[in-house]
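Below: the structure, in structure tokens.
The numbers here are math on the coordinates, done by the rules we state, and not lab data. Nothing here was measured: the structure is a model prediction, and the numbers come from that model. Neighbour counts run over all protein chains shown; Cβ positions are idealised from the backbone, glycine included.
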């Protein structure tokens with residue numbers, strides 16, 4: 001390819017004198033990031049792509065916020081203004097409050113301005129680990145912007161994995177055993193991530209009788225024994241009771257009968 005005056009010359013064969021001339025005035029009127037020409041010179045077909053060199057890369061995007069959607073983070077950013085924008089690439093990394101990540105992992109390529117990361121569970125603030133997010137924009141010429149600003153959330157890493165490397169556990173509250181019972185019974189439940197867990201017992205009037213669990217727990221299958229006593233240490237009377245498990249936005253209840 002060569003330049004002369006207001007013309008651009010594209011070579012389409014190996015012969016030095018076989019050129020196709022495209023006026024720069026025609027090209028500048030086309031707009032966009034590239035122009036494709038189909039031509040034939042001396043019976044030699046050619047597809048010629050002219051890519052504009054005056055098209056700058058996208059501006060760095062701006063991260064807005066991270067919203068909590070269930071137990072997962074929903075990352076939100078502002079839309080870029082470029083007409084030839086093709087999308088965004090989202091990255092994440094683990095750091096601390098004072099130390100941003102040193103390595104970043106590609107998460108997803110999207111065209112919108114938000115993404116719910118279902119692989120990450122929002123923590124409860126008791127861990128020193130933080131999950132950072134940042135993005136970069138990409139245009140139709142595969143030009144990338146600089147990095148956006150970073151945002152972070154509290155983060156708990158899943159620690160109990162299955163054979164396939166993924167977390168096979170699900171939130172679950174099981175029926176107590178035995179039921180009916182006297183004087184005590186066992187209650188089992190499953191927590192797939194490290195989180196704050198509460199397990200409370202209520203009478204038929206909805207009054208709290210006993211708090212069995214109120215603490216941060218690691219992921220896994222749990223079991224606790226209720227001895228039939230209330231928070232004051234006294235045995236409760238026969239009747240219908242409800243036990244309620246809460247882990248973040250997950251809530252489950254079941255009924256049990258104490259028979260004397």
Fill in: At q = 0.22 Å⁻¹, base-10 log of I(q)/I(0) for the stretch 166-260 (Debye sum, equal scatterers on each alpha carbon)
-1.10
Worksheet entry | Inter-label distance for residue 204 and residue 238, nm, one decimal - labels placed 7 Å from Cα along Cα-to-Cβ | 1.2 nm
Fill in: Alpha-carbon centroid distance for the pair the stretch 91-145 / the stretch 206-260, whole angstrom
38 Å
Worksheet item: Put a dot 7 Å past each Cα toward the Cβ at residue 74 and residue 62; how far apart are the dots in nm?
Response: 2.1 nm
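Please list 131-138, 62-69 highest first by mean number of surrounding beta-carbon atoms within 10 Å per residue.
Working: 131-138: 22.2, 62-69: 14.2.
Descending mean neighbour count gives 131-138, 62-69.
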Worksheet item: At a Förster radius of 30 Å, what calculated FRET efficiency corresponds to the Cβ-Cβ distance of residue 86 and residue 116, to the nearest 0.05?
Response: 0.90
Item to complete: With label points built 7 Å along Cα→Cβ from the Cα atoms of residue 96 and residue 172, find their separation and express it in nm.
Response: 3.7 nm
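Volume per residue, Å³, of the convex hull around the alpha-carbon atoms of the stretch 63-156? Could the numbers behind the result be given before it?
Values: hull volume 8.5 nm³, N = 94.
Cα convex hull per residue, to the nearest whole number: 91 Å³.
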Worksheet item: What are the radius of gyration and Dmax of the stretch 79-126, computed over its Cα atoms and given in Å?
Response: 13.9, 44
